[in-house]
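Everything below concerns the one structure shown next.
The values are calculated or read from the model by the stated rules, or taken from the named source; none is laboratory data. Bear in mind the structure is a predicted one, so any value in this text is a computation, not a measurement. So basically every Cβ, Gly included, is an ideal-geometry build from the backbone, and we count neighbours across all protein chains shown.
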Amino acid sequence: MFCVAENASKSGKFAHKKKRMEKDKMKVVLYLKKSGLDKSGQAPIMGRITYERTIAQFSCKLSCDPKLWNARESRLNGKSREAVATNGKLERLLLSVQSAYRVLCERGKVFTATDIKEQFQGNMQTQITFLERYNRMVEDMAQKVGIEIKAASLNSYYTIRKHLQAFIGEKYHTTDISFGQMEEDFLECLQHYSVGKLRHSQGYYRKMALAVKKACRLAYHEGLTERQLFAHIQE
(Lines give C-alpha, C1' and ligand atoms only; values in the text may rest on other atoms or scores of the structure.)
Protein backbone atom coordinates (compact mmCIF):
# COMPACT_ATOMS: atom_id res chain seq x y z
CA MET A 1 0.00 0.00 0.00
CA PHE A 2 2.82 2.37 0.86
CA CYS A 3 4.57 1.75 -2.43
CA VAL A 4 1.40 2.46 -4.38
CA ALA A 5 0.81 5.68 -2.47
CA GLU A 6 4.42 6.76 -2.97
CA ASN A 7 4.28 6.06 -6.70
CA ALA A 8 0.99 7.88 -6.97
CA SER A 9 2.51 10.84 -5.16
CA LYS A 10 5.53 10.90 -7.47
CA SER A 11 3.28 10.51 -10.48
CA GLY A 12 1.14 13.39 -9.29
CA LYS A 13 4.17 15.61 -8.75
CA PHE A 14 5.52 14.74 -12.19
CA ALA A 15 2.17 15.46 -13.83
CA HIS A 16 1.92 18.79 -11.97
CA LYS A 17 5.45 19.74 -13.00
CA LYS A 18 4.81 18.75 -16.62
CA LYS A 19 1.55 20.69 -16.65
CA ARG A 20 3.30 23.74 -15.22
CA MET A 21 6.07 23.50 -17.82
CA GLU A 22 3.48 23.33 -20.59
CA LYS A 23 1.66 26.30 -19.08
CA ASP A 24 4.85 28.35 -18.80
CA LYS A 25 5.99 27.62 -22.34
CA MET A 26 6.70 30.69 -24.43
CA LYS A 27 5.66 30.85 -28.08
CA VAL A 28 6.89 33.19 -30.80
CA VAL A 29 5.05 33.58 -34.10
CA LEU A 30 6.26 35.58 -37.08
CA TYR A 31 3.80 36.88 -39.64
CA LEU A 32 3.38 39.43 -42.43
CA LYS A 33 1.43 42.63 -42.01
CA LYS A 34 -0.09 42.55 -45.47
CA SER A 35 -2.12 45.68 -44.81
CA GLY A 36 1.10 47.67 -44.51
CA LEU A 37 2.64 47.20 -47.96
CA ASP A 38 5.15 49.87 -48.97
CA LYS A 39 5.47 51.44 -52.43
CA SER A 40 7.61 48.55 -53.69
CA GLY A 41 5.06 45.97 -52.57
CA GLN A 42 7.09 44.77 -49.57
CA ALA A 43 5.21 43.73 -46.43
CA PRO A 44 6.66 44.28 -42.93
CA ILE A 45 7.48 41.16 -40.92
CA MET A 46 5.96 41.22 -37.44
CA GLY A 47 6.33 39.05 -34.37
CA ARG A 48 4.02 37.97 -31.56
CA ILE A 49 5.20 36.63 -28.18
CA THR A 50 2.74 34.61 -26.11
CA TYR A 51 3.54 33.69 -22.52
CA GLU A 52 1.18 32.74 -19.66
CA ARG A 53 -1.90 34.33 -21.24
CA THR A 54 -0.02 37.56 -22.01
CA ILE A 55 0.73 38.75 -25.54
CA ALA A 56 3.19 41.26 -26.94
CA GLN A 57 3.64 42.22 -30.58
CA PHE A 58 6.75 43.71 -32.14
CA SER A 59 8.22 44.71 -35.47
CA CYS A 60 11.12 42.63 -36.80
CA LYS A 61 12.28 45.73 -38.72
CA LEU A 62 12.38 43.58 -41.85
CA SER A 63 10.14 43.29 -44.89
CA CYS A 64 9.78 40.98 -47.87
CA ASP A 65 7.79 40.19 -50.99
CA PRO A 66 4.58 38.48 -49.76
CA LYS A 67 4.97 35.91 -52.55
CA LEU A 68 8.18 34.64 -50.93
CA TRP A 69 6.77 34.33 -47.42
CA ASN A 70 6.18 30.83 -46.03
CA ALA A 71 3.64 31.33 -43.24
CA ARG A 72 3.99 27.78 -41.97
CA GLU A 73 7.78 27.96 -41.62
CA SER A 74 7.90 31.67 -40.69
CA ARG A 75 10.62 32.31 -43.23
CA LEU A 76 11.18 33.13 -46.89
CA ASN A 77 11.10 30.42 -49.53
CA GLY A 78 14.01 29.84 -51.89
CA LYS A 79 17.75 30.44 -51.78
CA SER A 80 17.97 33.88 -53.31
CA ARG A 81 20.30 36.42 -51.73
CA GLU A 82 17.30 38.21 -50.21
CA ALA A 83 15.86 34.99 -48.79
CA VAL A 84 19.14 33.80 -47.27
CA ALA A 85 19.93 37.20 -45.74
CA THR A 86 16.44 37.76 -44.33
CA ASN A 87 16.13 34.21 -42.98
CA GLY A 88 19.48 34.61 -41.25
CA LYS A 89 18.33 37.81 -39.55
CA LEU A 90 15.06 36.17 -38.49
CA GLU A 91 16.94 33.23 -37.01
CA ARG A 92 19.17 35.58 -35.07
CA LEU A 93 16.14 37.51 -33.84
CA LEU A 94 14.41 34.34 -32.61
CA LEU A 95 17.57 33.27 -30.81
CA SER A 96 17.67 36.67 -29.10
CA VAL A 97 14.07 36.25 -27.94
CA GLN A 98 14.93 32.83 -26.50
CA SER A 99 18.00 34.30 -24.79
CA ALA A 100 15.89 37.09 -23.24
CA TYR A 101 13.37 34.51 -22.04
CA ARG A 102 16.11 32.44 -20.35
CA VAL A 103 17.52 35.54 -18.63
CA LEU A 104 14.10 36.39 -17.17
CA CYS A 105 13.53 32.78 -16.08
CA GLU A 106 16.87 32.73 -14.26
CA ARG A 107 15.92 35.84 -12.28
CA GLY A 108 13.10 33.86 -10.68
CA LYS A 109 10.59 36.70 -10.79
CA VAL A 110 7.16 36.91 -12.39
CA PHE A 111 7.25 38.37 -15.89
CA THR A 112 5.03 38.83 -18.93
CA ALA A 113 5.32 38.68 -22.71
CA THR A 114 5.93 42.44 -22.69
CA ASP A 115 8.90 41.95 -20.36
CA ILE A 116 10.35 39.39 -22.77
CA LYS A 117 9.85 41.82 -25.64
CA GLU A 118 11.55 44.69 -23.81
CA GLN A 119 14.41 42.47 -22.66
CA PHE A 120 15.21 41.17 -26.13
CA GLN A 121 14.78 44.56 -27.81
CA GLY A 122 17.14 46.10 -25.28
CA ASN A 123 19.64 43.33 -25.96
CA MET A 124 19.37 43.82 -29.72
CA GLN A 125 20.02 47.55 -29.39
CA THR A 126 22.94 47.44 -26.98
CA GLN A 127 24.68 44.10 -27.41
CA ILE A 128 28.03 43.67 -29.09
CA THR A 129 28.08 40.39 -30.94
CA PHE A 130 30.76 37.74 -30.68
CA LEU A 131 32.49 38.40 -34.01
CA GLU A 132 32.31 42.16 -33.46
CA ARG A 133 34.24 41.73 -30.21
CA TYR A 134 36.60 39.27 -31.88
CA ASN A 135 37.32 41.86 -34.59
CA ARG A 136 38.08 44.50 -31.98
CA MET A 137 40.43 42.07 -30.26
CA VAL A 138 42.33 41.46 -33.49
CA GLU A 139 42.46 45.20 -34.25
CA ASP A 140 44.05 45.80 -30.85
CA MET A 141 46.55 43.02 -31.52
CA ALA A 142 47.43 44.57 -34.88
CA GLN A 143 48.68 47.65 -33.03
CA LYS A 144 51.20 45.46 -31.20
CA VAL A 145 52.74 43.67 -34.19
CA GLY A 146 56.50 43.74 -33.89
CA ILE A 147 56.24 44.63 -30.20
CA GLU A 148 54.25 41.93 -28.41
CA ILE A 149 53.04 39.81 -31.30
CA LYS A 150 54.44 38.50 -34.58
CA ALA A 151 52.79 39.21 -37.92
CA ALA A 152 52.37 35.47 -38.54
CA SER A 153 50.44 35.09 -35.29
CA LEU A 154 48.15 37.96 -36.22
CA ASN A 155 47.46 36.40 -39.61
CA SER A 156 46.40 33.17 -37.90
CA TYR A 157 43.72 35.13 -36.01
CA TYR A 158 42.37 36.47 -39.30
CA THR A 159 42.20 32.93 -40.70
CA ILE A 160 40.50 31.64 -37.56
CA ARG A 161 37.95 34.41 -37.88
CA LYS A 162 36.99 33.20 -41.36
CA HIS A 163 36.51 29.66 -40.04
CA LEU A 164 34.44 30.92 -37.10
CA GLN A 165 32.12 32.91 -39.35
CA ALA A 166 31.65 29.91 -41.65
CA PHE A 167 30.90 27.72 -38.63
CA ILE A 168 28.38 30.20 -37.22
CA GLY A 169 26.71 30.41 -40.61
CA GLU A 170 26.35 26.64 -40.77
CA LYS A 171 25.22 26.09 -37.17
CA TYR A 172 23.10 29.20 -36.52
CA HIS A 173 22.19 30.21 -40.09
CA THR A 174 23.31 33.78 -39.52
CA THR A 175 26.45 35.88 -39.91
CA ASP A 176 27.05 36.52 -36.20
CA ILE A 177 25.66 35.70 -32.75
CA SER A 178 25.39 37.39 -29.38
CA PHE A 179 27.30 36.13 -26.37
CA GLY A 180 23.98 35.18 -24.80
CA GLN A 181 23.39 32.70 -27.61
CA MET A 182 26.67 30.86 -26.99
CA GLU A 183 26.04 27.69 -25.02
CA GLU A 184 28.58 25.32 -23.48
CA ASP A 185 28.34 22.99 -26.50
CA PHE A 186 29.63 25.76 -28.80
CA LEU A 187 33.22 24.51 -28.64
CA GLU A 188 32.19 20.88 -28.94
CA CYS A 189 30.27 21.66 -32.13
CA LEU A 190 33.18 23.79 -33.34
CA GLN A 191 35.51 20.83 -32.81
CA HIS A 192 33.28 18.56 -34.89
CA TYR A 193 33.22 21.20 -37.61
CA SER A 194 36.96 21.91 -37.52
CA VAL A 195 38.36 18.40 -37.11
CA GLY A 196 35.53 16.42 -38.66
CA LYS A 197 34.53 18.55 -41.64
CA LEU A 198 37.57 20.73 -42.38
CA ARG A 199 40.08 18.01 -41.40
CA HIS A 200 42.02 20.34 -39.13
CA SER A 201 44.39 18.84 -36.59
CA GLN A 202 43.46 18.79 -32.91
CA GLY A 203 46.25 21.30 -32.38
CA TYR A 204 44.71 23.76 -34.83
CA TYR A 205 41.26 23.32 -33.29
CA ARG A 206 42.81 24.12 -29.91
CA LYS A 207 44.15 27.41 -31.33
CA MET A 208 40.63 28.23 -32.47
CA ALA A 209 39.18 27.33 -29.06
CA LEU A 210 41.71 29.53 -27.27
CA ALA A 211 40.93 32.45 -29.61
CA VAL A 212 37.23 32.04 -28.83
CA LYS A 213 37.94 31.88 -25.10
CA LYS A 214 40.09 35.01 -25.27
CA ALA A 215 37.35 37.03 -26.98
CA CYS A 216 34.78 35.76 -24.46
CA ARG A 217 37.04 36.59 -21.52
CA LEU A 218 37.47 40.15 -22.75
CA ALA A 219 33.70 40.46 -23.20
CA TYR A 220 33.12 39.20 -19.66
CA HIS A 221 35.55 41.72 -18.13
CA GLU A 222 33.84 44.50 -20.10
CA GLY A 223 30.41 43.48 -18.81
CA LEU A 224 29.17 42.35 -22.22
CA THR A 225 28.22 38.93 -20.89
CA GLU A 226 26.90 37.87 -17.49
CA ARG A 227 29.12 34.79 -17.22
CA GLN A 228 32.63 33.85 -18.25
CA LEU A 229 32.30 31.41 -21.11
CA PHE A 230 34.61 28.42 -21.57
CA ALA A 231 36.66 29.16 -18.46
CA HIS A 232 37.46 25.44 -18.22
CA ILE A 233 39.63 25.56 -21.36
CA GLN A 234 43.24 25.61 -20.18
CA GLU A 235 45.70 27.88 -21.96
If I ask for residues that are hydroxyl-bearing (S, T, Y) and either part of a helix (DSSP H, G or I) or at pLDDT 95 or above (or both), which ones from the stretch 189-235 would you list? Y193, S194, S201, Y204, Y205, Y220
Just one of the numbered conditions (1) in contact with a helix residue (DSSP H, G or I) (Cβ under 7 Å, 6 or more places away or on another chain); (2) exposed (fewer than 11 other Cβ atoms within 10 Å of the Cβ); (3) among the acidic types (D, E) is not true of D176; which one? (2)
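Looking at the stretch 185-215, which of the residues that are in contact (Cβ under 8 Å) with a residue 40 or more places away in the chain and not small (G, A, S) is surrounded by the most Cβ atoms within 10 Å (Cβ to Cβ)? Show your work before the answer.
Filtering the stretch 185-215 down to residues in contact (Cβ under 8 Å) with a residue 40 or more places away in the chain leaves 186-187, 207-208, 211-212, 214-215.
Filter once more, so that each one left must be not small (G, A, S): 186-187, 207-208, 212, 214.
On the way: F186: 21, L187: 20, K207: 17, M208: 23, V212: 21, K214: 17.
Step by step, filter the stretch 185-215, then rank; the result is M208.
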Could you tell me which of the residues I147, I160, I128 is more than 24 Å from L62 (Cβ to Cβ), among the β-branched types (V, I, T) and modelled with pLDDT under 90? I147
Here are the criteria: (1) within 11 Å of the chain's Cα centre (by Cα); (2) of a type outside the set (A, V, I, L, M); (3) not in a helix (DSSP H, G or I). Tell me which single one E184 does not satisfy. (1)
In the stretch 117-149, what count of residues is obtained for those that are charged (D, E, K, R), surrounded by fewer than 12 Cβ atoms within 10 Å (Cβ to Cβ) and under 30 Å from G47 (Cβ atoms)? 0
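Do we find that A152 is surrounded by fewer than 16 Cβ atoms within 10 Å (Cβ to Cβ) and assigned to a helix (DSSP H, G or I) in this structure? So that I can check it myself, show each step before the final result.
On the way: surrounded by fewer than 16 Cβ atoms within 10 Å (Cβ to Cβ): yes; assigned to a helix (DSSP H, G or I): yes.
Answer is yes for this residue.
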